[in-house]
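Structure record follows, encoded as structure tokens.
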Amino acid sequence: MFELSSSPSNTPPLPSSPSNYLCLYFSMEPKLHLFFSALCFYLVSAYGNTLRTYIVQLHPHGVTSSSFPTMFLWHLSFLDQTLSSEEDSSSRLLYSYGSAMEGFAALLTETEIELLRGLPDVVAVRPDQLLQLQTTYSYKFLGLSSTTDGAWVKSGFGRGTIIGVLDTGVWPESPSFADQGMPPVPKRWRGMCQEGQNFKATSCNRKLIGARFFIKGHHVSSVPPSENMVDEYISPRDSSGHGTHTSSTAGGVSVPMASVLGNGAGVARGMAPGAHIAVYKVCWFNGCYSSDILAAIDVAIVDGVDVLSLSLGGFPLPLFDDSIAIGSFRAVEHGISVICAAGNNGPIQSSVANIAPWIATIGASTLDRKFPAIVRMGNGEYVYGESLFPGKSLPIAEKELELVYVTGGNSGSEFCFRGSLPKEKVKGKMVVCDRGVNGRAEKGVAVKEAGGAAMILANTEINLEEDSVDAHVLPATEIGYAEAVHLKTYMDTTSHPRARIVFGGTVIGTSRAPEVAQFSARGPNLYDSTILKPDVIAPGVNIIAAWPQNLGPTGLPEDTRRVNFTVMSGTSMACPHVSGIAALIHSAHPGWTPAAIKSAIMTSADASDHRGKPIMDGSKPAAVFAIGAGHVNPNRAIDPGLIYDIKPDEYVIHLCTLGYTRSEIFTITHRNVSCSEKLKMNRGFSLNYPSISVAFKHGVKSKMITRRLTNVGNPNSVYSVQVKPPEGVKVRVKPRRLIFKHINQSLSYRIWVISRKKTQTKKISYAEGQLTWMNAHNSFHRVRSPISVTWK
């Protein structure tokens, strides 16, 4: 499932069939219920319970293709051979793919699928998958500055680079997408500004150079939205805000005096404010379908983007079943860096998604910016909370009120569902609501509708101390689990509990950061123990970025306030930070491969927080399965000294070492290879990955790994290795010094990882360390790789 992972989902259940879509009409009426489309699919009622979308992958050099003048007609021929003679095959075709993969998406029955699988040149058939979506300060937190000789200056702020964002679209009128001071659109750009509902070709400019939308997979698989949802635009225009937020985080221009209702005030800037942005709308009210995502990647490759940013994720999949992995491999072959969200299913082990080694997988971290909204209880004690409600300038918002926590029955009143709170119990009072099930800000709407005057949103044991803030519709604050226990104890032991919220505005620099976000998905990698995931972490908690004018800051239809910026949390927010940083590196080093850019980001990442102490994950130091190589550091990534480069062919050999079959590798890479020959020619092969991950199976005591470093720093550079071995492991490196005489010279080294752990000992199942190449004459160049060791 693809996950837009930034806010609670109100997704309706997926229907068992597309029978609601017997005919879909394109319309420009202001009131839409997503029955509209550029196509009219003729689906008679007999198909109702059987038709669904499938992605059919074909051999890129199929023997039957030569009989057809175009690839499109070749694709249609497979439907002609499968469907009944009286049916028009084009009525079933949704997309024809040629860049991300060779093949098509179509509506088919299970019987037709079986016929299709038997045809020549059909490589694989996969059902369409539904995936879900997963600033004024973060650039400063990352050390980006226009006055120092760092990543912004060295890259020209990302000028000339094109970032493609696959998301919910864009609000083009946002000041973050103004083009004043932007260079002309690159001549190599082959994209377009697709017109649609409330979106004209003139909506694009020198900053927002392209915008398209992909809806066919969504249309034939979804139920209509509920009446209380925001109307969807059948165009690249963003109706939910997520895509506007992520796009501006990656490459928004400078916007002075930006804030959320006065909170977090400052200059808003994306990571690469000089880069161009191209938006591909693939996500709609209930999520993102893989057929639409694959179509967008297919087009983006041809359009000429340099970076693809996908804040989409879910749970991990085998690579041959993962449309993002398959499409992104082709993108990487074309020199495009692909950056993806790790997903929001943390802290569950092995929950990290987007695990392909050619993808940069990004987890989420915190900033040292807080929005205190402290609860002062009637007994004089305090409970710490946070909020973006603008209560500091509203004395009435800090009024002391009676506290109430409504429990009992089956109405869900403890979660403050809408309609669950009796007005006679909550009117004029401060209502305590448990977090979970429904949206955080939605609980405030429920309290307000029932006549409540204020709200305390209480974390449960699931959320612990995670502090995602919201611009609530009434005076409100969110408190951690420990604080919630304290508050409820006070309420249980007091006959007439009372409290007031003291709003503190914005506070910077008083807390430890970065820390790992609790929701950030964790490793180890479920399908490949030799590749450590996530790759890095980046700011993803309480990120302020651009917001559309059709929504209030909470994103709820009931919120009539309007803002240009709002706050969101998720690995969706972390992903575009790294997409923007990748754009900076591409601008500074246009000849670098996606693997080189990824290596620069990983080997320069920080393992310590801004106080020089270990990055924390809750109450303990963060493990590599939470942070990967560490926290992004753009000023060091722009000048890494050495890189671990990888050619696309090497990924194929890596798949062979994992035991993938010939057909599975062909599905992923479109390369017909003999693994026995590949492995015979590459004995002892190790993928040249910037991190090191070793899994000892029963009876195995040692492993030898090779790595290859390329000098992108100065000629005549000498590097010496420093190793911090994992507990229970001996690590030997040979040679221990690398002498680079020239720029772009490559040198290899070997690592022997030897287990000292006794097999009967069960105390240690995992250990970590690090290997760092230190420049003998330049302390800035420290090329660090985490080492992960597991015993199975």
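The values are calculated or read from the model by the stated rules, or taken from the named source; none is laboratory data. It should be emphasised that the depicted structure is a prediction, and the values quoted were computed from it without experimental measurement. Every residue, glycine as well, gets a Cβ built from its backbone with ideal geometry; the counts of neighbours run over all protein chains shown. Heavy atoms of the whole protein, side chains included, go into the accessibility calculation; ligands, DNA and RNA do not. Shrake-Rupley method; radii C 1.70, N 1.55, O 1.52, S 1.80 Å.
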Open item on the list: Can you compute the charge dipole magnitude of the chain about its Cα centre, using +1 on each Lys and Arg Cβ and -1 on each Asp and Glu Cβ, nothing else charged? Give it in debye, rounded to the nearest 20.
Closed with: 3540
TODO: Report the label-to-label distance for S676 and L658 in nanometres (one decimal), using points 7 Å from each Cα along the Cα→Cβ vector.
DONE: 2.3
Task: Mean Cβ neighbour count within 10 Å, used as a protection proxy, ranking 281-292, 645-656, 443-454, 494-505 highest first - done: 281-292, 443-454, 645-656, 494-505
- [ ] Starting from the Cα of K647, draw a straight line to each of the lysines and keep only those under 18 Å, dropping any in the same chain fewer than 8 residues away.
- [x] K598, K678
- [ ] Which order do the peptides 294-305, 689-700, 715-726 take when ranked by the mean count of other beta-carbon atoms within 10 Å per residue, highest first?
- [x] 294-305, 689-700, 715-726
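What order do you get for 250-259, 168-177 when each peptide is scored by the mean count of other beta carbon atoms within 10 Å, highest first?
Details: 250-259: 22.1, 168-177: 25.7.
Per-residue mean Cβ counts within 10 Å order the peptides as 168-177, 250-259.
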TODO: Describe numerically, in nm with one decimal, the distance between label points set 7 Å from Cα along Cα→Cβ at A776 and at H334.
DONE: 4.5
TODO: Subtracting the Cα-Cα distance from 0.36 nm times the residue separation, let me have the gained length for V267 to D649 in nm, one decimal.
DONE: 133.1 nm
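Over the stretch 52-127, what relative contact order in percent results from Cα pairs under 8 Å that are six or more residues apart? Intermediate results must be reported in sequence, preceding the final value.
On the way: 101 pairs, mean separation 39.0, N = 76.
So the answer I get is 51 percent.
Pull out the extension gain between E449 and R756, defined as 0.36 nm times the separation in residues minus the alpha carbon to alpha carbon distance; nm, one decimal. Before the final figure, lay out the partial values.
Working: separation 307, 0.36 × 307 = 110.52 nm, distance 6.33 nm.
This chain segment gains 104.2 nm when fully extended.
Report the FRET efficiency, 1/(1 + (r/R0)^6), for L394 and Q180, where r is their Cβ-Cβ distance and R0 is 25 Å, rounded to 0.05.
Values: r = 35 Å, r/R0 = 1.40.
Approximately 0.10, to the nearest 0.05.
Compute the length gained on full extension between N205 and R376: take 0.36 nm times their separation in residues and subtract their Cα-Cα distance, giving the result in nm to one decimal. It would help to have the intermediate numbers written out before the result.
Working: separation 171, 0.36 × 171 = 61.56 nm, distance 5.01 nm.
Going from the current span to full extension adds 56.6 nm.
What number, rounded to the nearest 500 deg cm²/dmol, is the helix-based mean residue ellipticity at 222 nm of the chain, given -39500 (n - 2.57) per DSSP H run of at least four residues and division by all its residues?
Working: 18 runs with 155 residues, N = 792.
Using -39500 (n - 2.57) per qualifying helix, the result is -5500 deg cm²/dmol.
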TODO: Would you mind working out the accessible area per residue for the chain, using a 1.4 Å probe, and quoting it in Å²?
DONE: 37
Open item on the list: Over the stretch 372-505, how many pairs of lysines fall under 18 Å by alpha carbon, counting only those 8 or more apart in sequence or from different chains?
Closed with: 13
Open item on the list: Starting from the 7 Å offset along Cα-to-Cβ, what nm value, one decimal, do you get for the label separation of S146 and S720?
Closed with: 4.3
